[in-house]
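Working notes, beginning with the structure itself.
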Amino acid sequence: MGALPCVVSTFLLCFFLVHAGAQNPANHIEVVANDSSPSDPLLNTAFDHFYNMDYDRAVQEFERVEARRTGDPAAVNHLLSAVLMRELYRMGAMNSGEYANDSFIGLAHRPADPKVKEWIKQLVNQAEGMEEQELKANPNDVNAIYARGVTRAQFALYTALVERAWFSALRNAVGARRDHERVLELDPKYLDAKLVVGTHYYVMGSLTWSAKAAVALLGLSGSKERGLAYLREVADGSGENAVDAKVVLSLFLRRERRFDEARVLMHDLAERYPRNYLFSLEEANLFRASGRLPEAATEYRRVWQNGREGKYGNLHYETAAWGLGELVRSQRDYAGAAAAYEEVSEVSQPDPETLQKANLAAGEMYDLLQKRDMAVRKYETVLAENASTPPAEKARQHMKEAYRE
């Protein structure tokens with residue numbers, strides 16, 4: 001891949017981590033400006049619903065906050081984040097596994113709702129208008145600069161994952177980082193600004209030399225150590241970005257193979273937001289990554305059971321069954337893996353992509369178990385669900401020739 005696409009994907013990865021959250025590992029993340037006003041109970045409630053993935057209620061509550069705080073771009077950014085995250089979740093565009101490399105540039109998801117797209121653009125324009133008005137009056141207004149960086153970051157995410165406009169997304173992403181660096185120049189104690197900047201420092205510091213050279217053309221640099229230090233400051237603080245920083249820090253600690261440290265962060269968030277199954281699911285993923293397979297299996301099963309008991313509402317907790325299937329499959333327990341994959345279809349409205357992958361994997365397990373008729377039926381189900389996906393192509397191949405490892 002050339003240098004410029006690498007730069008594009010790197011910045012989009014940064015903003016995906018900070019603003020989108022994900023299914024594996026995961027959280028729904030938002031950056032908001034410092035607020036010196038008295039605590040707003042409705043705003044706190046909205047954040048609680050947001051982090052618990054109750055997007056409908058969060059949107060409604062952020063709308064009420066925005067209506068009361070007219071002229072405040074931070075309030076508009078809160079609403080923008082909730083609307084955008086809800087739509088990305090509905091589109092199936094929030095699986096961080098797709099963002100681990102540059103391949104996500106070519107991926108397509110379920111189309112966005114045209115009405116929601118227009119709403120998002122309207123909110124972006126509304127926030128930008130407020131920010132520019134404040135900056136005309138005072139070019140060094142740190143809250144306005146910070147809010148503009150948040151709006152640019154949100155729009156970068158939107159243009160990338162919804163409009164698939166990569167270079168427009170890159171421009172906004174670079175602008176957001178520069179805005180937050182400017183905030184820290186003006187006020188080094190403005191802790192929330194260190195979330196975006198710290199994330200960028202770490203990612204830039206992790207690039208190959210050729211990619212670092214490309215990024216340097218934009219006047220940007222990075223340091224893994226400095227990035228982690230910034231994120232720890234935010235995570236240990238009491239600001240609105242503490243949750244966000246814990247999630248991003250956990251992702252990076254996992255990359256550094258510091259699994260136990262990452263798991264402590266996820267466990268803390270899972271206890272704080274019990275309806276967000278993704279935190280507990282990531283605990284299981286971290287157990288698995290560190291080689292603690294029995295604990296991982298137990299956690300996957302716990303998430304699955306909680307979902308069956310209705311503790312996650314209609315969220316896609318079936319990914320826990322998929323994770324358990326993958327774990328058991330790695331142990332060559334093909335019967336156990338097939339049973340886990342089959343559980344995905346027990347959910348009333350499973351995520352279509354997860355369901356199709358699970359049906360394909362179950363068919364492969366049946367082939368390995370010498371149950372060819374059951375395998376073929378699974379492959380037929382995969383094709384009936386959507387015949388134009390990568391799992392469908394594999395199903396066609398397995399229809400012709402039984403799967404073998």
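Figure legend. Inter-residue proximity from the stretch 394-405: first residues free of Cβ contacts under 8 Å to residues at least 24 places away in the same chain and closer than 12 Å to A375 by Cα, second residues in a helix (DSSP H, G or I) and not basic (K, R), beta-carbon distance below 6 Å, spacing 6+ or different chains. Indicated pairs: M399/Y379. The helices (runs of 4 or more DSSP H) found entirely in the stretch 260-368 that carry 1 or more residues being more than 22 Å from the chain's Cα centre (by Cα) and within 26 Å of V382 (Cα to Cα) are 293-308, 319-330, 334-343, 352-368.
Report the residue count in the stretch 115-142 for those that are under 16 Å from A160 (Cα atoms) and either in a loop (DSSP other than H, G, I, E, B) or not hydrophobic (A, V, I, L, M, F, W, C) (or both).
So in the stretch 115-142, the residues under 16 Å from A160 (Cα atoms) come out as 116-118, 120-121, 124.
Subset that is either in a loop (DSSP other than H, G, I, E, B) or not hydrophobic (A, V, I, L, M, F, W, C) (or both): 117-118, 121.
Within the stretch 115-142, residues that are under 16 Å from A160 (Cα atoms) and either in a loop (DSSP other than H, G, I, E, B) or not hydrophobic (A, V, I, L, M, F, W, C) (or both) number 3.
Selection of the stretch 369-392 for residues being surrounded by 14 or more Cβ atoms within 10 Å (Cβ to Cβ), assigned to a helix (DSSP H, G or I) and either touching a residue at least 60 places away in the same chain (Cβ under 8 Å) or within 28 Å of the chain's Cα centre (by Cα) (or both) yields V382, E385, P391, A392.
Restricting attention to the stretch 133-158, the residues that are surrounded by fewer than 17 Cβ atoms within 10 Å (Cβ to Cβ) and touching a residue at least 12 places away in the same chain (Cβ under 8 Å) add up to 2. Looking at the stretch 302-344, which of the residues that are surrounded by fewer than 17 Cβ atoms within 10 Å (Cβ to Cβ) and of a type in the set (K, R) is farthest from F279 (Cα to Cα)? Here the answer is R332.
The helices (runs of 4 or more DSSP H) found wholly in the stretch 179-241 and carrying at least 1 residues that are surrounded by 20 or more Cβ atoms within 10 Å (Cβ to Cβ) and among the hydroxyl-bearing types (S, T, Y) occupy 194-205, 224-236.
Against the test of being part of a helix (DSSP H, G or I), over 21 Å from the mean Cα position of the chain (by Cα) and either modelled with pLDDT of 95 or more or not aromatic (F, W, Y) (or both), the options A58, A82, A75 yield a single qualifying residue, A75.
The values are calculated or read from the model by the stated rules, or taken from the named source; none is laboratory data. Computed from a prediction, not measured in an experiment: that's the story for all the values here. So basically every Cβ, Gly included, is an ideal-geometry build from the backbone, and we count neighbours across all protein chains shown.
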